[in-house]
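Undergrad: Structure incoming, see below.
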Amino acid sequence: MGTAAAALLVGGAVTGGAYAVDAAEEPTGPIRGPGTTTVTITIEDSRFHPDRIRVYEGTQVRFVVRNTDPIGHELVVGPESVHLRHERGTEEAHPPVPGEVSLGPGQTGATVFAFDAAEPTRIVCHLPRHEDFGMVGLVDVVET
Ligand SMILES: [Cu+2]
């Protein structure tokens with residue numbers, strides 16, 4: 001990680017705005033979709049790996065989420081209205097809402113989300129302080 005990326009993390013850059021994931025990995029691999037596809041995301045040390053993926057507009061992604069940490073996490077993917085609701089809300093468990101899955105320590109779970117809008121879409125763990133710590137990712141939704 002470069003100095004700039006480290007500074008962003010230390011500075012709490014993940015707390016504001018839809019583009020607060022500047023420190024995220026560059027997107028790698030193919031643009032997924034269209035149609036249906038499965039993406040495996042591993043949670044390790046309170047980070048999503050990968051934390052940046054690309055999909056074509058209209059793709060339905062099944063996220064298989066492996067939590068390798070000894071603490072619970074969640075994965076919430078969706079438009080900013082969804083993230084706002086979670087930041088202000090008190091929901092403790094999310095299934096079976098599409099795009100939301102809660103994971104106990106060491107658990108693997110899955111959720112499905114359809115990326116119907118060609119706009120950057122965040123993935124966030126909304127457990128207390130996890131987003132501030134850097135538990136955020138980005139899906140680049142590419143126009144077909
Ligand atoms: Cu978390």
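The values are calculated or read from the model by the stated rules, or taken from the named source; none is laboratory data. On a predicted model such as this, the values are computed, not experimentally measured, just so you know. Every residue, glycine among them, receives a Cβ derived from its backbone with ideal geometry; neighbour counts consider all protein chains shown.
Undergrad: From the list 116, 140, which residue is surrounded by fewer than 14 Cβ atoms within 10 Å (Cβ to Cβ) and more than 12 Å from the ligand (Cβ to nearest atom)?
TA: One residue alone meets the criteria, 116.
Undergrad: In addition: Taking the range 35-51, which residues are part of a strand (DSSP E or B) and either of a type in the set (S, T, N, Q) or at pLDDT below 95 (or both)?
TA: 36, 37, 38, 40, 42
Undergrad: Let me ask another. Within the group 76, 55, 112, 64, which residue is closer than 24 Å to residue 29 by Cβ and touching a His at 6+ places or on another chain (Cβ under 9 Å)?
TA: After applying the criteria, what remains is 76.
Undergrad: Could we say that residue 17 is away from the ligand (no atom under 16 Å from the Cβ), assigned to a loop (DSSP other than H, G, I, E, B), modelled with pLDDT under 70 and at positive phi here?
TA: So residue 17 passes the test.
Undergrad: Shifting gears a bit: Across the range 32-51, what is the total count of residues that are within 19 Å of residue 73 (Cβ to Cβ) and either within 16 Å of the ligand (Cβ to nearest atom) or not polar (S, T, N, Q) (or both)?
TA: 12
Undergrad: Taking the criterion of being outside any strand (DSSP E or B), more than 17 Å from residue 47 (Cβ to Cβ) and within 15 Å of the chain's Cα centre (by Cα), would at least one residue in the range 125-142 satisfy it?
TA: The answer is no, given that none of the residues of the range 125-142 is outside any strand (DSSP E or B), more than 17 Å from residue 47 (Cβ to Cβ) and within 15 Å of the chain's Cα centre (by Cα).
Undergrad: Answer with yes or no whether residue 77 is of a type in the set (A, V, I, L, M), modelled with pLDDT of 95 or more and away from the ligand (no atom under 13 Å from the Cβ).
TA: Against the criterion (of a type in the set (A, V, I, L, M), modelled with pLDDT of 95 or more and away from the ligand (no atom under 13 Å from the Cβ)), residue 77 qualifies.
Undergrad: In addition: Within the set of pairs 6 or more residues apart or between chains, which connect a residue that is acidic (Asp, Glu) inside the range 96-118 to a residue that is at pLDDT below 95 with Cβ atoms less than 7 Å apart?
TA: Note: pairs meeting the criteria are 100/94.
Undergrad: Moving on to the next point. Kindly list the number of the only condition in (1) outside any strand (DSSP E or B); (2) among the aliphatic types (A, V, I, L, M); (3) more than 11 Å from the ligand (Cβ to nearest atom) that fails for residue 71.
TA: (3)
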